[in-house]
Amino acid sequence: MQTEFVIGDIVKSLLGHDKNNIFIVVSIDKNGYLAIIDGKYRKKENPKSKNPKHLVKIGHDDNLLNKVSQVTVTNKEIYNYLKQFKVKE
């Protein structure tokens, strides 16, 4: 079963070198790939394109997305916000 993603979703990577990292979806291309950022390694100036099969949705936040799209938030603020979704393993 494939989960439908929307812009503003908080997602966790399941595969790849960024496995278990938390991101926010900032756009979706015509092929269905998601542009994701985390504020540290993938900044809003250079989002990562990721196959949605390799992600799981863990939340949603329109407020953060609005700040990102209006350029009123820094990468550090994005990173610090997403830290609350990380689980200690």
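Its DSSP H runs of at least 4 residues, each contributing -39,500 (n - 2.57), put the calculated 222 nm mean residue ellipticity of the chain at -5000 deg cm²/dmol, to the nearest 500. A simple spin-label model places pseudo-atoms 7 Å from Cα toward Cβ; at Ser27 and Glu4 they are separated by 2.2 nm. Projecting the Cα atoms of Thr72, Gly32, His54 onto the dipole axis of segment 20-85, where Lys and Arg carry +1 and Asp and Glu carry -1 at the beta carbon, places His54 farthest toward the positive end.
Annotation for His17 and Thr72: the two label points, set 7 Å from Cα along the Cα-Cβ direction, are 3.6 nm apart. With a ≥ b ≥ c the root eigenvalues of the C-alpha gyration tensor of segment 45-89, is it rounded (a/c under 1.5), prolate (a/b larger than b/c) or oblate? Verdict is oblate for segment 45-89.
In terms of its alpha-carbon gyration tensor, segment 11-65 comes out rounded; the largest-to-smallest axis ratio a/c stays below the 1.5 threshold. Computed over the chain, relative contact order equals 30 percent, with contacts defined as Cα pairs under 8 Å that lie 6+ residues apart. The mean accessible area for residues of the chain, using a 1.4 Å probe and ignoring ligands and nucleic acids, is 65 Å² per residue.
Placing His17, His60, His54 in order of accessible area, with the largest value first and a 1.4 Å probe, yields His17, His60, His54. For the chain, chymotrypsin sites (Phe, Trp or Tyr not before Pro) are listed when DSSP marks them as loop and at most 14 other Cβ atoms sit within 10 Å of their Cβ; the list is Tyr33, Tyr41. Heavy-atom surface analysis with a 1.4 Å probe gives segment 1-79 a carbon and sulfur content of 50 percent of its accessible area.
The values are calculated or read from the model by the stated rules, or taken from the named source; none is laboratory data. Bear in mind the structure is a predicted one, so any value in this text is a computation, not a measurement. Counting neighbours? That spans all protein chains shown, and the Cβs are built from the backbone with ideal geometry, glycine included. Ligands, DNA and RNA are stripped out before the accessible areas are found, and what is left, the full protein with its side chains, is counted by its heavy atoms. Shrake-Rupley method; radii C 1.70, N 1.55, O 1.52, S 1.80 Å.
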